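Read-outs throughout are calculated quantities, based only on the coordinates presented, and are distinct from any laboratory measurement. Owing to the predicted nature of the structure, the values given are computational and were not obtained by experimental measurement. Using ideal geometry, Cβ is built from the backbone for each residue, glycine included, and neighbour counts are taken over all protein chains shown.
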Amino acid sequence: MGDESTEAKIEEGDSFCALGIVNWPGFPLQKLSTLGIADATVFGYHMPLHSILAAKIEKFDRANRMATISLRSRSGKTQEAFDALMNSGIIPIGKEPIYLMEGLPYNDTVITRSILKEIGNPACAKTATESLEAMGKPAAKKIPKGTDDDTPVARILWAADKLSSAKIRTGAEVQALSLFAKTANKHALNDSQYAAVTEAAAAQLSIIWGPPGTGKTDTLVAFLHGVIREGKQRKILLSGPNYRTVEELGARLAGNLTQDPKAACDFYWVYSRNRDPKVPSGAAPHLDLKSFTINCHHRFKMPAISPVL
């Protein structure tokens, strides 16, 4: 591997990476039809190659710049197209530099439409100043006021200032949570981290910001540990820009919760169907720690549970 690959945001076990060729820009977007491979009767003939071929990182030794990858059909339906692609010899394995990406954008029209419908046209919605200027005053005056209910996501989008000023705990409750969080981790929180926890404990909406290395993950772990320890029934969603980020946060939090019998909860690590679930470490009678995949094309009913994380 090249030196730059050691910092790639892909991990050993990633099983649905897209494959590219350094000297062939746009290779993952090529199609069998444009490459003259196979015939039109083959399923996937008009599909981009990243929808046919999947690369799995079997081993990834960053220190020694060595990786083992395997190539396979992305699904059973595209097996014939995959075989035709591999038999064509068009992928220069061992001859030219190739690269892997975590994945390419997919058509999320259906999901986006469902999200927008869920948001609706709430009364709290406000047109962006830039849009008003672009439309001009006559058109801007004709924009009707929203009539739908203000959903939680709508309030975050258009009424965040009100949420951030709304208090959800008493002063005593904030102090109790913050004091616990200060020493919840192996190393105590510093003054800045403690202040962030205190603010987050008080307000309905908070943003904790900081450059790399300032301890945002430690701060969140301590805060969440304190919230769970309150014993109130809640559903908490942990999400992030990639699996590695969420797994790191989840692993540290699980380490805290495992050692604290007063922090009883169900802790579920949920993966998309194209990922192999990692088995979280840690076990305790008060902690139900599980990982599984979920198919977004089917309805899934979460089992009856107490506070969910």
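Observations on the model:
- Overall Cα dimensions of the stretch 109-158, principal axis frame, Å, largest first: 32, 23, 16
- Summing charges over all other residues whose Cβ lies under 15 Å from the Cβ of Asp61, with Lys and Arg as +1 and Asp and Glu as -1, gives -3.
- Estimated from the Cβ-Cβ distance and a Förster radius of 45 angstrom, the FRET efficiency linking Ile207 and Ser33 is about 0.45.
- The HN-Hα couplings worked out from phi for the stretch 72-77 by the Karplus form 6.51 cos²θ - 1.76 cosθ + 1.60 (θ = phi - 60°) are 8, 5, 5, 8, x, 5 Hz, whole numbers, x standing for Gly and Pro.
- Virtual spin-label span in nm between Arg169 and Ser70, 7 Å along Cα→Cβ: 4.7 nm
- Efficiency of FRET from Cβ geometry, Ala160 and Lys216, R₀ 30 Å, rounded to 0.05: 0.95
- Available extension along the chain between Arg234 and Phe292 is 18.8 nm, counting 0.36 nm per residue and deducting the alpha carbon span.
- For the stretch 88-102, backbone nitrogen atoms closer than 15 Å to the point 7 Å from Asn23 Cα along Cα-to-C-beta are found at 90-99.
- Using the Cβ-Cβ distance between Asp191 and Thr41 with R0 set to 45 Å, the FRET efficiency works out to roughly 0.10.
- A cut-off under 14 angstrom between Cβ atoms defines the neighbours of Cys265, and their net charge, with Lys, Arg +1 and Asp, Glu -1, is +2.
- Calculated Rg and Dmax of the Cα atoms in Å (choose from [x] 19.7, 62; [y] 22.7, 89; [z] 24.5, 71), label: [z]
- For the stretch 105-198, chymotrypsin sites (Phe, Trp or Tyr not before Pro) are listed when DSSP marks them as loop and at most 13 other Cβ atoms sit within 10 Å of their Cβ; the list is Tyr106.
- Calculated mean residue ellipticity, 222 nm, the chain: -9500 deg cm²/dmol, from DSSP H runs (n ≥ 4) at -39500 (n - 2.57) each, averaged per residue and rounded to 500.
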